[in-house]
Amino acid sequence: METERIVLRPWCESDAEALFRYASDPDVGPRAGWPPHKSVEESLEIIRTVFNTDTMWAVVWKETGEAIGCAGYLPASHSNLAIAETECEVGYWIARPYWGKGICTEALRLVIDYCFSEKGFTVLWGDYFPENPASGRVMAKCGFTDTGREELCPNLEIGSDRPVRIMRLTRQ
């Protein structure tokens, strides 16, 4: 899956150094519910155990070939939310040097198209911490609507005690 600027592809072990460079930033992970990475070895382990799935992709900046973020979806069985089997939860993050450039929006649009066209999901869900409104704006730009609901996600490593705002997109 790709746009003019990015490619979504499976994570590779060779992405560990780039992942660490960006995921060690203390302003990146906590906005998405996970702690900053502490070493390249930890990033490699995340690639092997968390990203080694057919539902999570590296967001690769075409100009450099470097992994600069992650985008994907969680089926109902792995979602932070109580959702139906015909629904999924989407998620994404991008490295700080790439914030404000529309890259998350591009990546999320690719994920949306895949989830509706290839996987046949009927509803996509997303959530974000209210103190990270940029994430909510990404979803809104992609057609998600605010449900008005806030919930706790007890399985988050960081922020399990803070509510997330719930967004929804229904297949047209």
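A short reminder: the numbers here are calculations on the coordinates, not readings from a lab. Note that the structure is predicted; figures quoted are calculated from it, not measured. In this analysis, Cβ positions are derived from the backbone assuming ideal geometry, glycine residues included, and neighbour counts consider all displayed protein chains.
Note: relative contact order over segment 70-146, using C-alpha pairs below 8 Å and six or more positions apart, is 29 percent. For segment 6-170, lysine pairs with C-alpha atoms less than 26 angstrom apart, excluding pairs fewer than eight positions apart on the same chain, total 5. When the Gaussian network model of the chain links Cα atoms closer than 10 Å, the mean-square fluctuations of Cys142, Cys115, Cys104 top out at Cys142. Which residues in segment 77-118 have a backbone N closer than 17 Å to a point placed 7 Å from the Cα of Arg149 along the Cα-to-Cβ line? Of the residues in segment 77-118, 77-91 have backbone N under 17 Å from the label point off Arg149.
Between rounded, prolate and oblate, where does segment 44-172 land on the alpha carbon gyration tensor, with a ≥ b ≥ c its root eigenvalues, rounded for a/c under 1.5, else prolate if a/b exceeds b/c? Note, shape of segment 44-172 comes out rounded.
Charge dipole of segment 6-170 (Cα centre as origin; +1 on each Lys and Arg Cβ, -1 on each Asp and Glu Cβ, all else neutral): 500 debye, rounded to the nearest 20. With 0.36 nm allotted per residue and the present C-alpha distance subtracted, the Met1-Glu17 stretch has 3.5 nm of extension available.
Segment Lys141..Asp161, full-extension length gain: 4.4 nm, with 0.36 nm per residue of separation and the alpha-carbon distance subtracted.
Under the simplified labelling scheme, the Thr122-Val50 pair shows an inter-label distance of 3.2 nm, with each label point 7 Å from Cα along Cα→Cβ. Each Cα pair under 8 Å and six or more residues apart adds its sequence gap; the mean of these over the residue count of segment 6-170 is a relative contact order of 20 percent.
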